[in-house]
Every structure is written in C-alpha cells, then in structure tokens.
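In what follows, a structure is listed as structure tokens, so that the remarks can point back to it.
The values are calculated or read from the model by the stated rules, or taken from the named source; none is laboratory data. Keep in mind that what you see is a predicted model, and the values were worked out from it rather than measured. Neighbour counts run over all protein chains shown; Cβ positions are idealised from the backbone, glycine included.
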Amino acid sequence: MKYQIDVQQVRNIQQEIWNSIRGTFELRKGYGEPLPIFGHYGGVFKCGRENLIIHTDGVGTKLILAQQMEKYDTVGIDAIAMSVNDILCLGAESLVGVDYIALPRENTFLVAELMKGLVEGATQSNCAIIGGETAIVPDLLKDDKTFDLTFTVVGRVIHRPLTGKDSRKGDVILGLASSGLHSNGYTLARKVLPVDKWGKEMLEPTKIYVKPVLSILNSELWKSVKGMAHITGGAFSKVSRLSKNVGFLFNDLPKMSPMYEALYAEVQNIEEMHKTFNMGIGMAMVVKRENAEEIKNRLNASGVSTTVIGEIIKESGVFIERDGKRFKV
C-alpha cells in the first residue's frame, strides 16, 4: 500500500509563492523591513535593533482523529507547538501569538476544550496568547463535527538567524526525541492504523522544545549551534533547507517503535517512511563536534532525550543509513 506526497511539487508551489511575494519586501524599509530569508521557518523582519519573526501553522488532519475520538483538549498544544518549534529553528524565542478557530456552528464546549490545549501549549513555550479569531463558517465545513485550528506566533531572534548555512563537514547532528507522530503524516497514518488500537498514541501532543533549546541558545554554547530542523512535513527531506553546500547523513536513527513498525508493514517503503514520518526524532540540531557531548547532556538534563544521530558530509543532500543501506530522501 503506497501513499505519497509529491515533495518536489510542493517545493515548486512554495517557489511560486515566493516569486509572488518577494516584490512586497520593498514596501517596508527601516522599521519593519523584511530580511531576505526564504525557505526556512518563518519571516524575519527588523524592529529597531531587534530581529523579529512571524510564523503560522495548523494541526492538519490530526484534527480528524481528534473528532473521531471526541477528544479535543490536546490539539491546541499541537497548534502552538508547530509554530513555536518552527521559529525556534531560526534561533528565536516565542513572544506572543493569536489563534484561529473555524467552526460550523456555535459550540461552547468544543471551544473550551480547544482552549485547554492552547493555554497548555502557551505555558510550555512562554508564549502569551493575546487574541484570536473564531469564525462560524458552515459552508466551508462538511458537518457539525468538523473544525479547523491554527496558531500564529511572533518571536524574537536571540542572537542571529540560525539558517544552517555555516554547517561544515564533520559537524554532528543531534536528534531530539519526538513524543510520537507529532502533527504530520496523519493522512496516511489514519488510513493504515486502526484507531481503536493506535488512536491514543496517535493523539499524543507534539513535543514543545522551546525551554530546553533556549537554555542552550541563552548559554555560552549558542555559537556552537549551526542550525536546526523541525522534522515535520516532508520529514527528513526538510533538513536540506539548512544548506545546499553540504550533506546531512543520518546514520544512527533510533530503532522503530511498534507504531512505526506497524506503519512500515503497510507502507513497505523505507524511503517513503523517512519522507513522511519523523521516525522518533522531532528536531535535528547541527552542532560543532567538540561541543556535541555537552549540548547533548544539557538537553537530556532538561528532559529531552537527545542522541547523536548523524553528521555533516561533503556530498550534498540528505541521506539515511539503515540496515547497511544508504538512500537519499
């Protein structure tokens, strides 16, 4: 059984979007002037001496699973996690955000449950929710159980934007463990995994890495961090946005958990697995080799299971090694 998103086509669409919006950068000069950074985890712009960043994201079809299970109090964590983890990859701390909830009709209970997760996600990331929008749009939603949820965050770049362009051969890739599937791959996962067996594990909220990673970025070790990648849509193929001049070799990924084994039994394509699912790694961090052990230990002490999962190589691309085989994603 094979389900595949055309990652290259997605990139083509993103390039078309960039071609359309890049001219608008000229509309702001000085205060509010955009930095020419595209293809990363948010839009960076100048505000006086500060570089701020803005990003928006949603929960995707994980919401359908929440509807099936009639459990709505954790997907708000996912909504916030997707945005705050993304801007973290550019070296930014989350400041404030706003939510967007689309409903087919007024539903006080559903909104109250969603807010539980949003407030918890805000607490985990030190991000104040300062407003939002609740839209009643029955013509856009197929039935009374359907809803949509997104979150937009504004953050502050702590030192400089961490784009990954300084990655060099010999640097080490640290893997920060995921709490499960997070918020990607659910279009496939919902089709191949029975909800009655895997639903609870699939609904586990996305891990928020803000506080542990900020403890590194706010320390003397920040100069050792070259770049970070949030392993979300496109999974490990997304790491390529850090640099086109070097390669990223993942040669020590964790053993597949029973849930990933169940997915692999249906997908039967190891390359697609690494293009679709995080495989137990929620974030990849490229660091100098000489500081890798200290950074790893600090993250572990902060409650995030972290291991060395790869290294930077000369050959450009993203490569996975499993069971003695190497393939490109």
**OP:** Within segment 103-116, track down each residue that is more than 22 Å from the chain's Cα centre (by Cα), outside any loop (DSSP other than H, G, I, E, B) and not β-branched (V, I, T).
**Re:** L103, F109, L110, A112, E113
Subject >> Residues (buried (at least 22 other Cβ atoms within 10 Å of the Cβ) and either within 24 Å of L118 (Cβ to Cβ) or small (G, A, S) (or both)) located in segment 208-227 >> reply: I208, Y209, V210, V213, G227
**OP:** Sort out which residues of segment 142-169 are among the polar types (S, T, N, Q) and under 30 Å from G317 (Cβ atoms), and write them in order of number.
**Re:** T163, S167
**OP:** Kindly indicate the residue of segment 270-288 that is farther than 22 Å from V195 by Cα and of a type in the set (V, I, T) and also surrounded by the fewest Cβ atoms within 10 Å (Cβ to Cβ) among those meeting that condition.
**Re:** I270
Original post:
Quick one: is L52 touching a residue at least 24 places away in the same chain (Cβ under 8 Å) and assigned to a strand (DSSP E or B)?
Top reply: yes
**OP:** Answer yes or no as to whether L263 is over 20 Å from R190 (Cβ atoms) and in the same structural domain as N300 (by TED's automatic domain parsing).
**Re:** no
Original post:
Taking the condition more than 18 Å from L217 (Cα to Cα), surrounded by fewer than 21 Cβ atoms within 10 Å (Cβ to Cβ), in contact (Cβ under 8 Å) with a residue 12 or more places away in the chain and aliphatic (A, V, I, L, M), does A262 pass?
Top reply: yes
Subject >> Single residue of V246, V267 found to be over 18 Å from the mean Cα position of the chain (by Cα), in contact (Cβ under 8 Å) with a residue 40 or more places away in the chain, under 25 Å from K197 (Cβ atoms) and surrounded by 20 or more Cβ atoms within 10 Å (Cβ to Cβ) >> reply: V267
**OP:** Would you mention how many residues in segment 117-140 are more than 20 Å from the chain's Cα centre (by Cα) and surrounded by 15 or more Cβ atoms within 10 Å (Cβ to Cβ)?
**Re:** 1
Original post:
Residue check: is G310 surrounded by fewer than 23 Cβ atoms within 10 Å (Cβ to Cβ), of a type outside the set (V, I, T) and not assigned by TED's automatic domain parsing to the domain that holds S83?
Top reply: no
**OP:** For residues that are more than 16 Å from the chain's Cα centre (by Cα) and assigned to a strand (DSSP E or B), scanning just segment 156-202, find the one that is surrounded by the fewest Cβ atoms within 10 Å (Cβ to Cβ).
**Re:** R156
Subject >> Unique match (being part of a loop (DSSP other than H, G, I, E, B) and either assigned by TED's automatic domain parsing to the domain that holds L242 or touching a strand residue (DSSP E or B) at 6+ places or on another chain (Cβ under 7 Å) (or both)) among V318, V304 >> reply: V304
Original post:
If you check F236 against the conditions, is it in a strand (DSSP E or B), surrounded by 22 or more Cβ atoms within 10 Å (Cβ to Cβ) and either in contact with a helix residue (DSSP H, G or I) (Cβ under 9 Å, 6 or more places away or on another chain) or β-branched (V, I, T) (or both)?
Top reply: no
